[in-house]
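For reference, the structure is listed below as structure tokens.
The values are calculated or read from the model by the stated rules, or taken from the named source; none is laboratory data. Worth saying up front: this structure is predicted, and the values here are computed from it rather than measured. Here the Cβ positions follow ideal geometry from the backbone for every residue, glycine too, while neighbour counts run over all protein chains shown. SASA here: full protein model, heavy atoms, side chains in, ligands and nucleic acids out. Shrake-Rupley method; radii C 1.70, N 1.55, O 1.52, S 1.80 Å.
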Amino acid sequence: MAMAPAVAVSGAALGGAVRAPPPTGGGERRRTGTCFPRNGGGDPVRGSGTRGAVRAAAAPRKVVVPEGENDGLTSSPQFQSDELEVPDITETMRVATETDGEASNRVATKEKPRVVPPPGDGQKIFQLDPMLNGYKYHLEYRYSLYRRIRSDIDEHEGGLEAFSRSYEKFGFNRSAEGVTYREWAPGAFSAALVGDFNNWDPNADRMSKNEYGVWEVFLPNNADGSSPIPHGSRVKVRMDTPSGIKDSIPAWIRYSVQAPGAIPYDGIYYDPPEEVKYVFKHPQPKRPKSLRIYETHVGMSSPEPKINTYVNFRDEVLPRIKKLGYNAVQIMAIQEHSYYGSFGYHVTNFFAPSSRFGTPEELKSLIDTAHELGLLVLMDVVHSHASSNTLDGLNGFDGTDTHYFHSGTRGHHWMWDSRLFNYGSWEVLRFLLSNARWWLEEYKFDGFRFDGVTSMMYTHHGLQVSFTGNFNEYFGFATDVDAVVYLMLVNDLIHGLYPEAVTIGEDVSGMPTFALPVQDGGVGFDYRLHMAVADKWIELLKQSDECWKMGDIVHTLTNRRWLEKCVAYAESHDQALVGDKTIAFWLMDKDMYDFMALDRPSTPTIDRGIALHKMIRLITIGLGGEGYLNFMGNEFGHPEWIDFPRGPQRLPSGKFIPGNNNSYDKCRRRFDLGDADYLRYRGMQEFDQAMQHLEEKYGFMTSEHQYISRKHEEDKVIVFEKGDLVFVFNFHCNNSYFDYRIGCPKRGTYKVVLDSDAGLFGGFGRIDHTAEHFTTDCSHDNRPHSFSVYTPSRTCVVYAPVES
């Protein structure tokens, strides 16, 4: 199989830089490329240290999957122009093809060729929102840059589909003749592949470097035809670099582990025998119209104080998610991260699933089982930054500061202590686009939640900035156009090759066009996380609910751009972390320790907290967006907070932070609390389950009909319609209303289909579920019909028309 041609240009590390002076303040675009020349007879091109045609088999050293972790963390200019200029980045390009020896690469092939559709004209966004015409110069520059890169990829890499399969060229790839290892490290002076297979001898398998900074070595099979590198053996690349000699885990490694008692991780050559490889048995589910996401972390998903496994999550947690009524599971911390306490956001090995939880095959089994249950599996992917860890990650990989990242302060996130990618680098595009493709192709993930997108899109990273909605905040000199174009490319790739895949972007800024198709000129996400909702609830919970403004709540929940879908949430993992509070903890605080047992009298604080906990969640799923997210355990008001095991730490500033004795006690999920029929947590869990199943039945989140008929500040009542359903919320702390008239769209009879005050849900059972509510033709709140209800204080009730 011929490989798509690679691109080769001069780059900063290779003798020059190609610069574009975008008028929007986007950074320098540096393109570096690779070239793989043929070797006359079609044999793999061999490095200077490649051994003979056959080699003696080395005794493998297996590595046990550990449970430990390593904290291993070490403590640009903008351009302006008066002309619309798209950089010409085709100069000095050379075309090359894949070596014949790689034609039998053991990456799974596609049954049908898939092609990413060509770009559109990018003009529809101006029809959808005429206000964007005032920023047409910026948006058209952005789209023309996207089109130019697509064109260059088509011309010099064989298209986005082939470009995104660069994991078939880089890292370790097995052919019928042996194993080829390639690495882009232009700053290194010399390189050698070392590991258990060659007794860590740096002179055994020296690598050769081509003129584009790509190092390569070919290892022929052993005399018996077996792999020259046994499956499961440790590997690293030893390089002489500007910062000294270093052993690094290969950037494209597919598995890495930390040996018990060790500090650094080891790269693992992962090529299991066919009988060990997991074979997917179940088709991937179709994308649901309404997305109800259960946000999870495998490691903390056990009720026990330990690191949980893929296998236990598959067997114990997935059935729970299905029973609760969610249709998608979002999994955090999949990409390998040396520091467990980073929640998975300081990634060290981008192509490797975290070994703390098990093997790659066990992760595949987890995903396949989720598909069997009809659940989508979304991955919390981190392309916004990388760990600053120089032992295990990409930071300083080739001994330079500018390898995958921006140089200087632009390449460092001062708050996160992490490195920031240079999205203007050709090889960074290759690496990240291939990374997205890898997880979808190899592991059958159904989509991504892209983390930290606001940090990517702006040079200020959204820090110490308040977004007011002024379009100048989105389309100005603070915008990193290179990063936005990368997001357009990755969305284009995902939706072109995997039409059913879902992409969600974590953006707090509210950038217009963020969740519109790339063809139309948008950034291309399917959904934006509606992050303002959770912030509003925390703001309100700091006040007495007597001070809450109904109009303010409704405005926050519904304040989103037309045709740009949102995933709403009342709280996510962010609110559960130590230093913050969950909604349940804000509401009930210390009373949760003593008064959640049903054999004890409740308190006003507990009664209030349970009531508002249910109301907050229902109004959020009812008005907040076209999707809904909940972090595991929060559905039943999980007590306390999340605190990863950690020891004492002294920051570079000298500040001392005490540890928690490396305890896992608060790094787990007590699902047993939600299941216990003798605790009040059970009622909140039952309500959340009923809420999810109600949405499944009626699909109200994505209903075309939505009408808010009442926001009464004195009564503290909110009434709205979603589809055929009528939602009634009474937030008043004392007042219950008899014969309270509410408007409705249809004539007929209505019945209760969800009642937060039901005894099953920990309520007081004040509403008769057998009652039928007959409409009158008396209009009310600008609705053609109406009916009367009893609405007790601090309750929410959903009414549905009775089908004749």
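Since only 700, 221, 798 are under comparison, the one whose Cα sits farthest along the positive direction of the charge dipole of the chain, derived from C-beta charges on Lys, Arg, Asp and Glu, is 221. Based on Cα contacts under 8 Å between residues 6+ apart, segment 551-689 shows a relative contact order of 28 percent. The residues of the chain expose, per residue, 36 Å² of accessible area to a 1.4 Å probe.
Relative to one another, the C-alpha centroids of segment 165-188 and segment 377-435 are positioned 20 Å apart.
State log₁₀ I(q)/I(0) for segment 192-260 at q = 0.13, 0.19, 0.21, 0.23 Å⁻¹ as given by the Debye formula over alpha-carbon point scatterers of equal weight, solvent excluded. Summing over Cα pairs of segment 192-260 leads to -0.41, -0.87, -1.04, -1.20.
Taking a straight line from the alpha carbon of residue 716, these lysines sit under 26 Å away, with near neighbours fewer than eight places off in the same chain left out: 536, 542, 549, 581, 614, 746, 751. Cα extents for segment 672-804 along the principal axes, largest to smallest and rounded to whole angstrom: 48, 33, 26.
Counting Lys and Arg as +1 and Asp and Glu as -1 over every other residue whose Cβ lies under 13 Å from the Cβ of residue 771, the net charge comes to -2.
Reducing segment 681-719 and segment 643-667 to their Cα centroids gives an inter-centroid distance of 40 Å. P(r) for segment 531-603: what percent of alpha-carbon pairs falls in each 5 Å bin, starting at zero? Whole-percent P(r) values from 0 Å outward: 3, 13, 21, 19, 17, 13, 8, 3, 2, 1. Remark: relative contact order (segment 688-804) = 29 percent; criterion is Cα-Cα distance under 8 angstrom and separation of 6 or more residues. An ellipsoid equivalent to segment 460-514, defined through the eigenvalues of its Cα gyration tensor, has semi-axes of 25, 12, 9 Å when rounded to whole angstrom and sorted largest first.
Under a point-charge model restricted to the Cβ atoms of Lys and Arg (+1) and Asp and Glu (-1), what is the dipole moment magnitude of segment 469-521 relative to its Cα centre, in debye to the nearest 20?
60
For the peptides 272-280, 639-647, the ranking by packing is 639-647, 272-280, with the highest mean count of neighbouring Cβ atoms within 10 Å listed first. DSSP finds beta bridges in the chain, and of those with both partners inside it, around 70 percent are antiparallel.
According to the calculation over all Cα-Cα pairs in segment 283-342, the P(r) per 10 Å bin from zero is 19, 49, 26, 6 %. The convex hull built on the alpha-carbon positions of segment 293-383 has an orientation-averaged projected area of 5.4 nm². The dipole here belongs to segment 531-592: it is taken about the Cα centre, uses +1 on the Cβ of Lys and Arg and -1 on the Cβ of Asp and Glu, and is about 260 debye. Remark: the chain carries a charge dipole of roughly 400 debye about the Cα centre, counting +1 on each Lys and Arg Cβ and -1 on each Asp and Glu Cβ. Rg over Rh for segment 363-507 works out to 1.00, using Cα positions for both radii and the Kirkwood form for Rh. The stretch between residue 470 and residue 760 holds 99.7 nm of extra length on full extension. This uses 0.36 nm per residue minus the Cα-Cα distance. In segment 125-197, the C-alpha radius of gyration followed by the widest Cα-Cα span (Dmax) gives 20.8, 63 angstrom.
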